[in-house]
Amino acid sequence: MGYESIPLTAREAASGLLGSVSMTCWIFLLVPQLIENYRNGNAEAISLLFVFVWFVGDIANLAGGLMAGLVPVIVAIAVYFCIADGVLIAQCLYYKARNSREPAHRRRSSVETPDPATPLLGRRFSDPIISSQGRRRSSASQRGYGAGRRESQVEDTLAKIVEENDTGRKAWSKNIASVLGIFVVGMAGWTMAWQTGMWEPAPIENSGDSDEATGGLVLGYFSALCYLGARLPQIYKNYSEKSCEGLSLLFFILSLMGNLTYGAGILCHSTDKDYFLTNLPWLIGSLGTMFEDVIIFIQFRIYAVQESNLSAVS
């Protein structure tokens, strides 16, 4: 039976749209974190074990796709995953090697000396000039200026709160705009592919019990295990450092979106038992990691509030 004889049902159209959105998410997934590392000049926030295990999972996914005889587009995307992982790993190793050669006294001075251009939320200590002036004042002048200094502290705290709200709004606006852009690009890509005949409804094929299909299924389960375990080192790193600073929130948003739309696209195509069992490893790898992504989102929220409180009292 040819693809042209299969009607385009609502479920098949939804499967195509969700698959296209998922593919768009994966294409742009690592870009936000690469940019974040470049801006910070380091990749200390990323757990190398997280990226490495993810890389192993992508390699297993590619091998499984080749053995299972998946369509060339899926194989090409799997190749892209491996290349993108390699770029992120190379960037992390580069910054780690470069920063390890930096003199210790320079690293200490960069921590102890505030940059005048640093936003209020980034400062953790008081101005040394104000502190030295305060020490030189007499007790009488200290009492005279006490009220003024308290008012100044209140103004600084309010300024920090305002700046935090402005920064938070800008970040959320940027992330929402990026998510909407991903959806628009993905849906437009599927529409163009469908109209030009590059995408057509696919039949539910029975892979049989061939050695290639069995090997692909085994590698699929192995890649799912890697994907599920990859985020654990990152979650532990965030917990031990009580911070998500240096991580790109958009990176994990795109990961959640990509996994959600990927799993939903598979289920929209069919819920037949044989088809479901054949795709079960990929469903576990995509939908299962969403729970871990939610944990990281919670860490972003908790540690952002803690850092804001520390900034307010400093």
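Quick note: the coordinates plus some simple rules give every number you see, no bench work behind them. Only a predicted model underlies this, so the values are computations on that prediction, with no experimental measurement involved. Cβ atoms come from the backbone with ideal geometry, glycine included; neighbour counts cover every protein chain shown.
Placing dummy labels 7 Å off each Cα toward the beta-carbon, the span from VAL305 to ALA188 is 3.9 nm. Listing GLU102, GLU241 from fewest to most neighbouring C-beta atoms within 10 Å gives GLU102, GLU241.
Here the 3J(HN,Hα) profile of the range 12-18, calculated from phi with Karplus coefficients 6.51, -1.76 and 1.60 at θ = phi - 60°, is 5, 5, 4, 4, x, 4, 5 Hz, Gly and Pro shown as x.
Remark on TRP199: its backbone amide H falls under 5 Å from those of TRP194, a criterion applied only to residues 5 or more positions apart or on other chains, H modelled at 1.01 Å from N.
For the range 179-184, the Karplus equation 6.51 cos²θ - 1.76 cosθ + 1.60, evaluated at θ = phi - 60°, returns couplings of 5, 4, x, 4, 4, 5 Hz by residue, with Gly and Pro reported as x.
Phi angles across the range 275-287 convert, under the Karplus curve 6.51 cos²θ - 1.76 cosθ + 1.60 with θ = phi - 60°, into 3J(HN,Hα) values of 5, 5, 5, 5, 9, 4, x, 6, 5, 5, x, 8, 6 Hz, Gly and Pro given as x.
Taking 7 Å steps out from each Cα toward its Cβ at LEU93 and LEU277 produces label points 4.2 nm apart.
Taking every C-alpha pair closer than 8 Å and separated by at least 6 residues, the mean separation divided by the residue count of the range 224-294 gives a relative contact order of 56 percent.
Between ARG39 and ALA76, the C-beta separation translates, for a Förster distance of 35 Å, into a calculated FRET efficiency of about 0.70.
Going by neighbour counts of Cβ atoms within 10 Å, the residues LYS237, LYS170, LYS96 line up, fewest first, as LYS170, LYS96, LYS237.
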